[in-house]
Amino acid sequence: MKSLSFLFIVLSLVTACSHQAKRTDCLEKHGALDIGSGSTKAVAAIVDVCEKKIERILYEDQISLGFSETAEKTDDRGIPSAFLREAVEKIRPLSDRLKALELKSISGVATSAFRTAKNGNEIVASLSRQLNIPIEVISQEAEARLGYWSAVAKRPDVDREQIVVWDIGGGSMQMIAFDEEGTHIFQGEMAAVTFKNQVLRQVLKKDPKKQSSPNPLGPQWSNALALAKTHAEKNLPPYFREKAKTARWMGIGGVLARSIREQVGEKKTYTLTDLKSALVERASFSDQQIGGDFAATDVTNLALVAGYLEVLGLPQLESVSASLGQGWILYRLQNPSMERASASVGLNGTAVELSPTKTGPGIAQARGPHLIRNPQIQTASPKLLVTIGGTGSLPRDFGAFAELASSLGYAVLSLDYPNMTISTVCRENPVPDCFDRFREEVVTGKDSSPHVKVDLANSILNRLRSAVFWAQDQDPRWKAFWKNGDVYWSRVVIAGHSQGSGHAAYLSKMFPFQGVISFAGPQDTWVDGSVGAWVLKSGATSATRYHALLHRDDFFGSAGQIKITQELRRQGSPLNPAKVPPLLIVSEKKGGDPHNFVLFEAFKPEWAELLRVTDPDLGGKP
């Protein structure tokens, strides 16, 4: 099963074709099925494959199909075969309509009900066979990301760091936002069907297995609202409560973009007052008076969303008619081969080129493709080497070192990033925090330095996260380097050359790496010999995990590089010390230019020693 990339999910809106008149060879027709917990949706669209965006929706429809409701009524939370037969017959007209449009591709996603049902994967496999359409069960994290980029595709002009996308379906709730610190996702289980059943049990004291609808809710609407508020108070992360004060919130999915919107008079943007007014009015309605296929959940949806809005303190919510199917079409467009056999990031040790544009929205290729390698041997502990080159370098410049690491059992990611501005531009700059600002912008994308222009998408941190997420999505071996929605930093050895050594060290202040290896750097010293302020800040990586390979005759000055290495150790964390002492190698070997010579194969013995002391099975697991 393939989850979805960091990225993340590749809905890049960066123009790949000319902005001239639309080329007909850029336009293709694609379709998708979104098989949710309470409904199944079909969508077909004309897609601009050059600009990676949906040009026009050709067909869109949905049916009520209660997979979640059915599973909850069984003793083992499985989906009965009889219901499967019924589902196939109901979905078939949607799939037939898609096939009649002569689309280039049709595929599907299945969400919450199939993640939780005892036999969810088997049911989806059977649906896929009978409909003759490839369908995948996606994770809740992937569902959140798909929803986010589906919304952004509908609102391409939004500031992506200033929005939260909130999706409520039949069986799960997601909130997602991106900022300079990374991706923030709330994965909740309260949704249309689950909350309706909670109201039946806790408010009305009814058994959902025997009674499917709470309507008419009557005066119990206030207790349903209180139930939603209690759940929100208990489960909403502080991050999203804070974002309610400043961000633009967009609601998608069957609850927020259809059910609520229809019940508040088709308002595209609605408030807590709108919701409460509709709730009071409609609480007296029976299912027949409410009408439609989703009558049983419509009124409790009002209570659920009103409760969350009130706890968030959110003044209003903008509904956006974006669907997972639309996001899935664009994702599949960038990842046409979904066969697991072709999903590996490459044969053991073989360097595979990965275009940064494939790993996340807005990411451009700066100098050359990322290069990724799988380990050539299996070791006791998973370990990932990330390399960051110097000014004007290419990822392949670390090729020989990366190949050696792979032979010793490391997976390797050699990172492409914007690196055409030299970091020593700050040496004679009168601004006291020039080095700090330079590193901050290149690493995090925060607009800090006048010397570089790097946005969030193209920052080292986002590129690294996106590439690792992509790789773990493609190859199960890389899942060892992804944990709780982020890179598993303590399994990473990060190595940098020249400018890249400073970026690696800057990252080590933020995350607890297994090891940090500096080649010919960093150079963040002023003309008086003092070091950049960021070097003197306390860091997350253990003091014993900083290593360096320098050359005595480096024209940037090895004395400054040694001083920075020593300061990094002094400011390192006292936690998780390594079992072997750190290495500081200052070579006097004769060969090429001393600054770049440390990346030549003449230094293979030194490289092997550096990789040995950073090996988690030798140097101690962090």
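The values are calculated or read from the model by the stated rules, or taken from the named source; none is laboratory data. Keep in mind it's a predicted model, so treat the numbers as computed, not measured. FYI the Cβ positions are ideal-geometry reconstructions off the backbone, even for glycines, and counts take in every protein chain you see. Ligands, DNA and RNA are stripped out before the accessible areas are found, and what is left, the full protein with its side chains, is counted by its heavy atoms. Shrake-Rupley method; radii C 1.70, N 1.55, O 1.52, S 1.80 Å.
Over the C-alpha atoms of the range 66-216, what are the Rg and the largest Cα-to-Cα span, Dmax, in Å?
Rg then Dmax for the range 66-216, in Å: 17.7, 51.
When the convex hull of the Cα atoms of the range 242-299 is projected onto a plane and the area is averaged over all directions, what value comes out in nm²?
Working: hull surface 17.9 nm².
Its Cα hull, projected and averaged over all orientations, spans 4.5 nm².
Enumerate by residue number the GluC sites (Glu not before Pro) in the range 424-465 meeting two conditions: DSSP loop (anything except H, G, I, E, B), and at most 16 other Cβ atoms within 10 Å of the site's Cβ.
Passing sites in the range 424-465 are Glu428.
Got a number for the accessible area of Val487? Probe 1.4 Å, square angstrom, nearest 10.
Number for this one is 10 Å².
Counting only Cα, what are the radius of gyration and maximum Cα-Cα distance Dmax of the range 97-178, in Å?
Rg and Dmax of the range 97-178, Cα atoms, are 15.2, 43 Å.
Taking only protein heavy atoms into account and a 1.4 Å probe, give the accessible area per residue of the range 169-237 in Å². Write out the running numbers ahead of the final one.
Numbers: 2910 Å² over 69 residues.
In whole numbers, the range 169-237 has 42 Å² accessible per residue.
So what are the radius of gyration and Dmax for the Cα set of the range 111-153, in Å?
12.1, 34
Can you tell me the mean projection area, over all orientations, of the convex hull of the range 159-244's alpha carbons? Units nm², please. Mind dumping the intermediate values first?
Working: hull surface 25.7 nm².
Result: a mean projected hull area of 6.4 nm².
With a 1.4 Å probe and all protein chains left in place, how much accessible area per residue does the range 415-528 have, in Å²?
Accessible surface, normalised per residue, equals 31 Å².
For the range 155-220, state which trypsin sites (Lys or Arg not before Pro) are in a DSSP loop and have at most 10 other beta carbons lying within 10 Å of their beta carbon. Please report the intermediate quantities before stating the final value.
Values: sites: Arg160, Lys196, Arg201, Lys205, Lys206, Lys209, Lys210; in loops: Lys205, Lys206, Lys209, Lys210.
Listed in order of number, the matching sites are Lys205, Lys210.
May I ask you to derive the FRET efficiency for Ser286 and Glu266 from their Cβ-Cβ distance with R0 = 22 Å, giving the value to the nearest 0.05? List each step's numbers first, then the result.
On the way: r = 22 Å, r/R0 = 1.02.
Given R0 = 22 Å and the Cβ-Cβ separation, E is 0.45.
log10 I(q)/I(0), Debye, Cα-only the range 166-303, no solvent, q = 0.14 Å⁻¹?
-0.64
Above 14 Å lies some portion of the pair distances; for the range 382-433, what is it as a whole percent of all C-alpha pairs?
On the way: 781 of 1326 pairs.
Looking at the range 382-433, the distances longer than 14 Å represent 59 percent of pairs.
With +1 assigned to the C-beta of every Lys and Arg and -1 to the C-beta of every Asp and Glu, and no other charges, what is the dipole magnitude of the chain about the Cα centre in debye, to the nearest 20?
Working: 72 positive and 67 negative charges, 188 e Å.
Charge dipole of the chain: 900 debye, to the nearest 20.
Can you put Met173, Met510 in order of accessible area, largest first, using a 1.4 Å probe?
Working: Met173 0, Met510 75 Å².
These residues rank, largest area first, as Met510, Met173.
Rounded to whole Å and sorted largest first, list the principal axis extents of the Cα atoms in the range 416-457.
That gives 29, 17, 12 Å along the principal axes, largest extent first.
Return the Rg/Rh value of the range 88-143, two decimal places, where both radii are evaluated on C-alpha atoms and Rh is the Kirkwood radius. Intermediate results must be reported in sequence, preceding the final value.
On the way: Rg = 12.0 Å, Rh = 12.0 Å.
That ratio equals 1.00.
Exactly which GluC sites (Glu not before Pro) in the range 547-622 are in a DSSP loop and have at most 10 other Cβ atoms within 10 Å?
Values: sites: Glu567, Glu588, Glu601, Glu606, Glu609; in loops: Glu588.
For GluC sites (Glu not before Pro) across the range 547-622 that sit outside H, G, I, E and B with at most 10 neighbouring Cβ atoms in 10 Å, the list reads Glu588.
Using only Cα atoms, what Kirkwood radius does the range 477-604 have, in angstroms? Before the final figure, lay out the partial values.
Details: mean 1/r = 0.0668 Å⁻¹.
15.0 Å is the Kirkwood radius here.
For the chain, what does -39500 (n - 2.57) per DSSP helix run (n ≥ 4), summed and divided by total residues, give at 222 nm, in deg cm²/dmol to the nearest 500?
Numbers: 21 runs with 215 residues, N = 622.
Result for the chain: -10000 deg cm²/dmol, rounded to the nearest 500.
When Rg is the radius of gyration of the Cα atoms in the range 55-152 and Rh is its Kirkwood radius, what does Rg/Rh come to? Let's see the in-between values first.
Details: Rg = 14.3 Å, Rh = 14.6 Å.
My calculation puts Rg/Rh at 0.98.
I'd like to know which of Thr525, Leu146, Thr359 lies farthest towards the positive end of the charge dipole of the chain, counting +1 on Cβ of Lys and Arg and -1 on Cβ of Asp and Glu.
Ranked along the dipole, the leading option is Leu146.
Per residue, how big is the convex hull of the range 422-519 when only Cα atoms are used? Give it in Å³.
Working: hull volume 9.9 nm³, N = 98.
Convex hull of Cα atoms, per residue: 101 Å³.
Just how far, in whole angstrom, is the range 348-386 from the range 566-622 if you go by their alpha carbon centroids?
With the range 566-622 and the range 348-386 each reduced to a Cα centre, they are spaced 22 Å.
Which lysines have a Cα lying under 24 Å from the Cα of Lys118, excluding residues fewer than 8 positions away in the same chain?
Result set, ordered by chain and number: Lys2, Lys41, Lys73, Lys90, Lys196, Lys209, Lys210, Lys479.
Roughly speaking, what is the centre-to-centre gap between the range 129-170 and the range 243-314 when only Cα atoms are used, to the nearest Å?
Taking the Cα centre of each part, the range 129-170 and the range 243-314 sit 20 Å apart.
Tally up the carbon and sulfur contribution to the accessible surface of the range 474-622 as a whole percent, 1.4 Å probe, everything protein left in place. Don't jump to the answer; show the numbers that get you there.
Numbers: 3180 of 5660 Å².
Accessible surface attributable to carbon and sulfur in the range 474-622 totals 56 percent.
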